[in-house]
Amino acid sequence: MKNSNVFYGWWIVLGAAVVLAVMGPASVAVANLFQLPVTEEFGISNSQFAISNSLVLGVGIFLSPFISKKLATGNFKLIYSISVIVYALAYMGFGLAPNIYVFYFLSLLVGFGYTTTTIIPVSMLMNNWFVKKRGLALSLALSGLGVGGVVFSQILTPLITNVGWRQTYLIYGVIMLVVTLPIVLFVFKPRPEMMNLKAYGAEELPSSQNKGDKEQIQAQRKPAAGAKMGVTPFFILLMVGAVLVGLVNNGGLGQFPPVLNSLHGATQGALIISIYSAVGILGKIILGNINDRYGAVASTIYASVLLVVTYFVMIFAGNFVLAIIMAILFGLGNAIGTVSPPLVTSAIYSADDFPKAYGYVQSGVQLGMTVGSLVAASIADFTGTYTVSWIVLSIASALVAVSWVSAYATAKKSI
């Protein structure tokens, strides 16, 4: 492959998309497919099952900075491979759990595996292999999350019905090992230098690039390689934006399904959810392209505005047509939750400082995601209406742009 006309980095992108399609949905998109049979067998409430999901996501809050640092400084392949094995075995363990308490313990291991095998290492690979077209490469890789969610929801639903939830957990765990481990071992190369290559676009002149590519190339160069690490005003703004991104991301993902089902019934509600899930695949690619062409500031404003309008339209989602429009807007704008954090971070920090900085940013995103759905539901419970929840999330979406644009501008002044 090294001597082919196809830059090897694009094979990394393809492999990453497959890995994310398999590993990502297990802990997020399809996790609740198991809720009904598990709660029935264990005799627990839905909220008790939801604790498992919170534990999976919550692990990333504390481990993301550590994991990104270890992946950057340690044996990338070894750490990645061990994490895949731990993730798969823990997921298979769900199928053998005798009670919910063992389920909770396994959720911590699954959370470790999810954090160590999905967005963080893939973002690091894209950052190492691409300077030019980094946004496109990252968005194509992350599109695997959406594709995997669609595919595995269709595979797991009949499996749970026909062979049971325990066997389905075991089957999914085996799929993780069989599909993901060979890609990590034989396709992924942590850095292009390992193949006597350079990152895509690393040698090109900044003046010849689109604004987004120019940002990445300039951030790659020394001595003005980017903002220095430390608790600085722009770092604080970056972290505030990261938490807000997680909040607005999961606030909608967590609360749209029950609200839409109550407004339009299960069938039409499922249709609306399918629309924003499908559009989300395209939304990631569009956002990555905007970042490459016009830069991190433009892509952040674009996605934030879409989410502001999304939550405003959601106030009137009792109208089915407006609900469809909301779904399209949300599918396009919600890509900011996965695509933008590494791109904004890499536009501010040098390649050397990126792993450490991005670990903290992803920790902030995970924190926001962990509380996002709970915040939206709690506001609705307190006020008696979801209208206030949507207004709060709309304002938070605008503050994402304020935080990240300010972080970028402040960082550039400090160089």
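With every protein chain kept in place and ligands, DNA and RNA left out, what is the accessible area per residue of the chain? Probe 1.4 Å, answer in Å².
The answer is 40 Å² per residue.
Can you work out the Karplus-derived ³J(HN,Hα) for every residue in segment 138-150? Use 6.51 cos²θ - 1.76 cosθ + 1.60 with θ = phi - 60°, whole Hz, and x for glycine or proline.
5, 5, 5, 5, 5, 4, x, 4, x, 4, x, x, 5
Do any of 198/412; 132/412; 132/198; 77/284; 133/284 go past 22 Å between their Cα atoms, and which?
Over 22 Å apart, Cα to Cα: 198/412; 77/284.
Computing the accessible area with a 1.4 Å probe over protein heavy atoms, can you report the carbon and sulfur percentage for segment 255-346?
Here carbon and sulfur together make up 75 percent of the probe-accessible area.
Enter the per residue convex hull volume of the chain, computed from alpha-carbon coordinates, in Å³ rounded to the nearest integer.
132
Just how large is the dipole of the chain about the Cα centre, in debye to the nearest 20, putting +1 at every Lys and Arg Cβ and -1 at every Asp and Glu Cβ?
About 1180 debye.
Given R₀ = 22 Å, what would the calculated FRET efficiency be for residue 48 paired with residue 96, taking r from the Cβ atoms and rounding to 0.05?
Given R0 = 22 Å and the Cβ-Cβ separation, E is 0.70.
Tell me, what ³J(HN,Hα) does each residue in segment 250-257 have, in order and in whole Hz, if you take phi through Karplus 6.51 cos²θ - 1.76 cosθ + 1.60 with θ = phi - 60° and put x for Gly and Pro?
Result, ordered by residue: 7, x, x, 4, x, 10, 4, x Hz.
Arranged from highest to lowest average of other beta-carbon atoms within 10 Å per residue, in what order do the peptides 404-413, 358-367 appear?
Descending mean neighbour count gives 358-367, 404-413.
Just the accessible area for residue 193, please: 1.4 Å probe, Å², rounded to the nearest 10?
110
Output the peptides 258-265, 283-290 sorted from most to least packed, where packing is the average of other Cβ atoms within 10 Å over each peptide's residues.
283-290, 258-265
For segment 168-178, what does the Karplus curve 6.51 cos²θ - 1.76 cosθ + 1.60, with θ = phi - 60°, yield as ³J(HN,Hα) per residue in whole Hz, taken in order and with x for Gly and Pro?
Values, residue by residue: 5, 4, 5, 5, 5, x, 5, 4, 4, 5, 5 Hz.
Identify, among 9, 34, 314, the residue whose Cα sits farthest towards the positive end of the charge dipole of the chain, taking +1 on the Cβ of Lys and Arg and -1 on the Cβ of Asp and Glu, with the dipole about the Cα centre.
9
Can you tell me the order of 328-341, 171-184 when each peptide is scored by its average per-residue count of other Cβ atoms within 10 angstrom, highest first?
Taking the mean over residues of other Cβ atoms within 10 Å, the ranking is 328-341, 171-184.
For segment 46-125, with all protein chains present and a 1.4 Å probe, just round the carbon and sulfur fraction of the accessible area to a whole percent.
C and S atoms contribute 75 percent here.
Sequence-distant or interchain residues sharing an amide H contact under 5 Å with residue 130, placed H: which?
Placed amide hydrogens put 200 under 5 Å from residue 130.
The values are calculated or read from the model by the stated rules, or taken from the named source; none is laboratory data. All figures in this text were calculated on a predicted structure; none of them were measured in a lab. Cβ atoms come from the backbone with ideal geometry, glycine included; neighbour counts cover every protein chain shown. Heads up: the accessible areas ignore ligands, DNA and RNA and are worked out on the full protein's heavy atoms, side chains in. Shrake-Rupley method; radii C 1.70, N 1.55, O 1.52, S 1.80 Å.
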